[in-house]
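Engineer: Attaching a single structure in structure tokens format; questions to follow.
The values are calculated or read from the model by the stated rules, or taken from the named source; none is laboratory data. This structure is a prediction, so every number in the text was calculated from the model and none was measured. Cβ placement follows ideal geometry from the backbone for every residue including glycine, while neighbour counts extend to all protein chains displayed.
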């Protein structure tokens with residue numbers, strides 16, 4: 001099998017991940033924060049180690065403000081539902097993933113007004129238009145992606161955050177496609193907002209672990225209430241972090257695997273980034289020569305994915321041809337109907353997304369390009 005669906009989830013996982021999970025299962029690991037015995041303390045240490053490791057792969061924040069969630073979608077739900085109320089106005093982009101789009105749709109039903117900023121043809125945010133809207137509209141919060149889920153285009157996160165910070169407007173960043181693939185810049189000390197992502201994509205970790213990193217004074221309301229191991233004599237949710245947001249038993253075995261994954265990515269980041277660029281560019285150049293296709297991704301300034309749609313007909317036959325060749329890609333709408341509407345792919349059934357990973361080989365790219373060509377040549 002040729003696996004080119006790393007933007008959905010990475011495979012293979014980082015080499016140390018299985019061992020990290022195995023140790024956490026075979027050794028006595030209890031429930032963090034519930035007791036002072038050895039196994040409970042071992043669990044607490046895993047959580048601490050993961051929060052600390054994350055500071056090396058994202059704009060750093062306080063460890064207690066590094067919140068675990070179920071996945072990026074869960075983290076985004078907390079950040080958005082926990083911050084916006086009836087009558088508020090939120091600024092976003094027309095290319096967001098459903099992890100943002102569906103949340104904003106629900107909030108709009110509750111009286112939140114949604115404004116959209118301009119983007120270029122690849123879905124990159126127009127910083128000037130974004131800044132102007134922050135200055136002229138009563139924006140309560142801005143939410144945008146760090147890297148596009150369909151085109152892979154990388155946004156100018158530094159200037160977008162700076163624009164929010166100048167107006168004292170909190171931001172929420174969807175970092176699902178960016179973290180582990182590109183380095184986000186450190187954030188200003190007076191910035192306030194959240195960065196949300198999962199471990200299973202660019203960080204090559206297990207599924208089931210998301211992160212909501214909080215910056216400055218940004219403090220959304222929690223969505224889940226329950227046992228935290230703290231203030232157990234009260235029915236009130238504790239205000240202390242991270243307990244305020246982390247009710248219930250954490251996914252400790254997946255978090256143990258995440259520690260191992262992050263350590264591997266940190267140690268090999270430049271090498272893996274260069275490898276993704278090399279093979280992503282090889283894929284781009286090959287697809288660009290095929291007259292039946294329209295490339296949706298930019299040549300430069302993207303993560304390791306390339307998306308295409310067809311000029312005539314629908315993409316389903318191309319996707320099915322690749323599946324029959326045991327080439328794993330993502331065909332369709334990529335849980336991002338806003339983006340496909342913006343990119344005008346709906347008449348063609350969406351797009352086919354090819355996403356390389358650290359284990360992808362040049363030979364696999366050559367075979368894939370041959371299979372795509374064969375799909376049209378017959």
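Engineer: For residue 290, state whether it is modelled with pLDDT of 95 or more and under 19 Å from the mean Cα position of the chain (by Cα). Can you show your working first?
Structural biologist: Details: modelled with pLDDT of 95 or more: yes; under 19 Å from the mean Cα position of the chain (by Cα): no.
Taking the combined requirement at face value, the residue does not satisfy it.
Engineer: Take the residues in segment 330-377 that are part of a loop (DSSP other than H, G, I, E, B) and under 15 Å from residue 284 (Cβ atoms), then tell me which one is farthest from the chain's Cα centre (by Cα).
Structural biologist: Filtering segment 330-377 for residues that are part of a loop (DSSP other than H, G, I, E, B) and under 15 Å from residue 284 (Cβ atoms), the one farthest from the chain's Cα centre (by Cα) comes out as 360.
Engineer: Additional query: Scan segment 174-184 and give yes if some residue there is outside any loop (DSSP other than H, G, I, E, B) and over 20 Å from residue 62 (Cβ atoms), otherwise no. Break it down into steps so the answer makes sense when it comes.
Structural biologist: Filtering segment 174-184 down to residues outside any loop (DSSP other than H, G, I, E, B) leaves 174.
Next, from what is left, pick out any that are over 20 Å from residue 62 (Cβ atoms): 174.
The answer is yes, given that some residue of segment 174-184 is outside any loop (DSSP other than H, G, I, E, B) and over 20 Å from residue 62 (Cβ atoms).
Engineer: Could you please give the count of residues in segment 331-360 that are surrounded by fewer than 20 Cβ atoms within 10 Å (Cβ to Cβ), touching a residue at least 40 places away in the same chain (Cβ under 8 Å) and under 19 Å from residue 7 (Cα atoms)?
Structural biologist: Looking only at that region, the number is 3.
Engineer: Do we find that residue 115 is assigned by TED's automatic domain parsing to the domain that holds residue 208 and either closer than 30 Å to residue 44 by Cβ or without any contact (Cβ under 8 Å) to a residue 12 or more places away in the chain (or both) in this structure?
Structural biologist: In short, no.
Engineer: Right, here's the next one. For segment 52-71, which positions are surrounded by 15 or more Cβ atoms within 10 Å (Cβ to Cβ), in contact (Cβ under 8 Å) with a residue 60 or more places away in the chain and either touching a helix residue (DSSP H, G or I) at 6+ places or on another chain (Cβ under 8 Å) or within 10 Å of residue 262 (Cα to Cα) (or both)?
Structural biologist: 53, 54, 57, 66, 67, 68, 69
So that you can scan it fast, the table gives a plain yes or no per residue for (1) assigned to a loop (DSSP other than H, G, I, E, B); (2) within 23 Å of residue 42 (Cα to Cα):
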position	(1), (2)
202	yes, no
208	yes, yes
214	no, no
227	yes, yes
233	yes, no
247	yes, yes
254	no, yes
261	no, yes
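Engineer: Still on this structure, I have one more. Name the one entry in 108, 43 that is more than 28 Å from residue 168 (Cβ to Cβ), part of a helix (DSSP H, G or I) and assigned by TED's automatic domain parsing to the domain that holds residue 133.
Structural biologist: 43
Engineer: If you go through segment 296-322 one residue at a time, how many are under 23 Å from residue 358 (Cβ atoms) and free of Cβ contacts under 8 Å to residues at least 40 places away in the same chain? Before the answer, list the steps.
Structural biologist: Looking only at segment 296-322, we keep the residues that are under 23 Å from residue 358 (Cβ atoms), and these are 297-308, 322.
This time we only want the ones that are free of Cβ contacts under 8 Å to residues at least 40 places away in the same chain, so: 299-300.
Of the residues in that region, 2 qualify.
Conditions tested, residue by residue: (1) over 30 Å from residue 128 (Cα atoms); (2) within 18 Å of the chain's Cα centre (by Cα).
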| site | (1), (2) |
| --- | --- |
| 3 | yes, no |
| 13 | yes, yes |
| 18 | yes, no |
| 22 | yes, no |
| 66 | yes, yes |
| 83 | no, no |
| 89 | no, no |
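Engineer: Also: I'm trying to understand the selection: among the residues of segment 326-354, which are out of contact with any helix residue (DSSP H, G or I) (no Cβ under 8 Å at 6 or more places or on another chain) and within 17 Å of residue 122 (Cβ to Cβ)?
Structural biologist: Those that are out of contact with any helix residue (DSSP H, G or I) (no Cβ under 8 Å at 6 or more places or on another chain) and within 17 Å of residue 122 (Cβ to Cβ): 339, 341, 342, 343, 344, 345, 353.
Engineer: Next question, about the same structure. Filter segment 89-103 down to residues that are in contact with a helix residue (DSSP H, G or I) (Cβ under 7 Å, 6 or more places away or on another chain) and either part of a strand (DSSP E or B) or free of Cβ contacts under 8 Å to residues at least 60 places away in the same chain (or both), then give me how many there are.
Structural biologist: Number of matching residues: 4.
Engineer: Would you pick out the residues in segment 156-201 that are surrounded by fewer than 24 Cβ atoms within 10 Å (Cβ to Cβ), within 26 Å of residue 333 (Cα to Cα) and within 13 Å of the chain's Cα centre (by Cα)?
Structural biologist: Once the filter is applied, which keeps residues that are surrounded by fewer than 24 Cβ atoms within 10 Å (Cβ to Cβ), within 26 Å of residue 333 (Cα to Cα) and within 13 Å of the chain's Cα centre (by Cα), segment 156-201 yields only 182.
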